[in-house]
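For reference, the structure is listed below as structure tokens.
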Ligand SMILES: [Zn+2]
């Protein structure tokens, strides 16, 4: 939660960025100290499992989001006709605000609501900070050492404006491409490395003359001159000798850069996104993984979708198992006798029938011949009958 005090304070917010450290992703703020003998302070404001922010940005990890992503538009208080602007489209009077303090408080309120629903929006906070700080400087409210001038504010607003418009205009298409690349192949149980899937996907779309947003982003799909390949035949020829250079992860400080770099990372790591068969939310796995369930907790329980699913299949398998059915009949019969007082409650019969079942279950699961299985059940029945005589 950011407040007016964060803007009016003495420190200079130099940058806000996204970073990955092993399997953890984080969002950080980088402050310049007011005392020059101090060093730069990096403050972590978000941390989670890698890709959680990407899935969240595309609303692939929730079933309902109360805050529309389009509310991001509220952060652009200077409206222009075009979706892309440059500094010359802005003028000093564009930044004229009547009650600066009230404006900043209202602006941050919208901002905080958005970042609560979509934490990745924090990646643009240093831009927001710079622009709001300029409003304070313009009104002579801030008199500290780090003043923001008009040129800096205009450049920053231009970047923010273009970044927000780009993501708002392209998010649905990006999401569709992401699902097409990673989900379709998984759905049809095609086990190809993600990088090859991405190549085939790009080749197909070039052949169909479809424009892709993530087209130029696959780090593998480049010719020797580092240009994107212009024919699908070239791409197919590149397949066997695809590059394996490690992916460089440049400083990621905008929403646009973030989505593009994260999709590149998925491809580079040969990972894929898959829909959990229990909760219907997407999760990220190695392309070769057989996982069908995610590791999120099932609502209202402490077990994950994975654990929940394995318990369910185990139960289902038991119910379908003929030996197990016979065993439960005898177990219930013994239990009933104890309950009615026909058998001493210290009897070992329940344990006896359980261990007899255990012994026979191993044999039963080891054989596949149907006749042999029936014979085994007959044996089990006669031994169980002997037990309860
Ligand atoms: Zn799940």
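So, R0 is 51 Å and r is the distance between the beta-carbons of residue 46 and residue 388; what FRET efficiency does that work out to, to 0.05?
Efficiency at R0 = 51 Å is approximately 0.25.
Suppose only helical runs count, i.e. DSSP H with n ≥ 4. What mean residue ellipticity at 222 nm does that imply for the chain under -39500 (n - 2.57) per run, divided by all residues and rounded to the nearest 500 deg cm²/dmol?
Numbers: 12 runs with 179 residues, N = 389.
After summing the helix terms and dividing by residue count, I get -15000 deg cm²/dmol.
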Taking the chain as the reference, fit the longest principal axis to its C-alpha atoms, fit the long axis of helix 125-138 to the helix C-alpha atoms, and give the angle between the two in degrees, 0 to 90, nearest 10. 30 degrees
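State the extension gain, in nm to one decimal, for the chain segment bounded by residue 176 and residue 289, taking 0.36 nm per residue of separation less the distance between their alpha-carbons. Before the final figure, lay out each step's value.
Numbers: separation 113, 0.36 × 113 = 40.68 nm, distance 2.25 nm.
In short, 38.4 nm is gained.
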Using 19 Å as the cut-off for backbone N distance, which residues of region 348-369 belong to the label zone defined by a point 7 Å from the Cα of residue 322 along Cα→Cβ? 357-369
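Pull out a ≥ b ≥ c, the square roots of the eigenvalues of the alpha-carbon gyration tensor of region 290-331, then state rounded if a/c is under 1.5, prolate if not and a/b is larger than b/c, and oblate in the remaining case.
oblate
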Post the alpha-carbon centroid distance, region 1-52 to region 314-356, in whole angstrom. 62 Å
Over the chain, with a Gaussian network built from C-alpha contacts below 10 Å, which listed residue (196, 41, 81) shows the highest mean-square fluctuation? 81
Extending each Cα 7 Å along its Cβ direction at residue 143 and residue 86, get the distance between those two points in nm, one decimal. 3.9 nm
How would you order 296-306, 22-32 from highest to lowest mean count of nearby Cβ atoms within 10 Å? 22-32, 296-306
Using a Gaussian network for the chain with springs between C-alpha atoms less than 10 Å apart, which of these wobbles most: 167, 85, 273? 85
Rounded, prolate or oblate (a/c below 1.5 giving rounded, otherwise prolate when a/b exceeds b/c) for region 4-170 by Cα gyration tensor: oblate
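Is the shape of region 32-72 best called rounded, prolate or oblate, per the rule: a/c under 1.5 gives rounded, else a/b larger than b/c gives prolate, else oblate, with a ≥ b ≥ c the square roots of the Cα gyration tensor eigenvalues?
The shape class here is prolate.
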Running Debye on region 336-389 with equal point scatterers at the Cα sites and no solvent, what base-10 log of I(q)/I(0) appears at q = 0.22 Å⁻¹? -0.83
Once both label points are put 7 Å beyond Cα along the C-beta direction, the residue 22-residue 204 separation in nm becomes 3.7 nm
Once the Cα atoms of helix 322-339 and of the chain are each reduced to a long axis, what angle between those two axes, in degrees from 0 to 90 to the nearest 10, is obtained? 70 degrees
Mind giving me the nanometre distance, one decimal, between the label points for residue 269 and residue 370, set 7 Å out from Cα along Cα→Cβ? 4.8 nm
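Any read-out appearing in this document is the output of simple, stated calculations on the displayed coordinates, not a laboratory observation. Predicted model, so just to flag it, every value in this text is computed and none were measured. With ideal geometry, Cβ positions are generated from the backbone for all residues, glycine too; neighbour counts draw on all protein chains shown.
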